[in-house]
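Undergrad: First the structure, which I've put down as structure tokens, then a few questions once you've had a look.
The values are calculated or read from the model by the stated rules, or taken from the named source; none is laboratory data. Because the structure is a prediction, the values reported are computed rather than measured. All Cβ positions, even for glycine, are placed from backbone atoms using ideal geometry, and neighbour counts span all protein chains on display.
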Amino acid sequence: MHRQMHTTFQFEKFAVELRDQVGLKNLMWGADTPHTEGTWPHSREITDDLFGGIPEDEARALTSGNFAELFGVPLPTPV
């Protein structure tokens, strides 16, 4: 699983809580915008709830870093 699987989640706090067992690099948060079942217009509140209690580098991995690494997409340099 750690070598060959990646999965996304939107609202599932248990995904964040199980990141050590599932594998931090195997998880990616997705807003699923513009679909109505996505997180918009409450994405900020949802991400604050999901990632508020974890280290910033892990939250960054889950919200953008893992996607960028998996698909070879460069991320902008933080200002």
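Undergrad: I'd like to verify a number: residues in the stretch 12-30 that are in contact with a Ser or Thr (Cβ under 7 Å, 6 or more places away or on another chain) and either polar (S, T, N, Q) or farther than 16 Å from Gly65 by Cβ (or both), how many?
TA: Counting residues in the stretch 12-30 that are in contact with a Ser or Thr (Cβ under 7 Å, 6 or more places away or on another chain) and either polar (S, T, N, Q) or farther than 16 Å from Gly65 by Cβ (or both) gives 1.
Undergrad: Oh, and also: Search the stretch 16-38 for residues being closer than 14 Å to Thr63 by Cβ and touching a strand residue (DSSP E or B) at 6+ places or on another chain (Cβ under 9 Å), and hand back the single one that is modelled with the lowest pLDDT.
TA: Selected residue: Asp32.
Undergrad: Okay, next question. Could you list all residues from the stretch 1-15 that are at pLDDT below 90 and of a type in the set (Asp, Glu)?
TA: none
Undergrad: Contact list please: Cβ distance under 6 Å, first residue in the stretch 1-12 and among the β-branched types (Val, Ile, Thr), second residue assigned to a loop (DSSP other than H, G, I, E, B), pairs at least six apart or on different chains.
TA: From residues that are among the β-branched types (Val, Ile, Thr), the pairs are Thr8/Gly30.
Undergrad: Tell me, please, whether a residue that is surrounded by 11 or more Cβ atoms within 10 Å (Cβ to Cβ), of a type in the set (Phe, Trp, Tyr) and in contact with a strand residue (DSSP E or B) (Cβ under 9 Å, 6 or more places away or on another chain) can be found in the stretch 4-15.
TA: Yes - at least one qualifying residue is present in the stretch 4-15.
Quick grid of which residues meet (1) free of Cβ contacts under 8 Å to residues at least 40 places away in the same chain; (2) of a type outside the set (S, T, N, Q); (3) surrounded by 15 or more Cβ atoms within 10 Å (Cβ to Cβ); (4) part of a helix (DSSP H, G or I):
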{"site": "Gln21", "(1), (2), (3), (4)": "yes, no, no, yes"}
{"site": "Met28", "(1), (2), (3), (4)": "no, yes, yes, no"}
{"site": "Trp40", "(1), (2), (3), (4)": "yes, yes, no, no"}
{"site": "Thr47", "(1), (2), (3), (4)": "yes, no, yes, yes"}
{"site": "Ile54", "(1), (2), (3), (4)": "yes, yes, yes, no"}
{"site": "Ala59", "(1), (2), (3), (4)": "yes, yes, yes, yes"}
{"site": "Val73", "(1), (2), (3), (4)": "yes, yes, no, no"}
{"site": "Pro76", "(1), (2), (3), (4)": "yes, yes, no, no"}
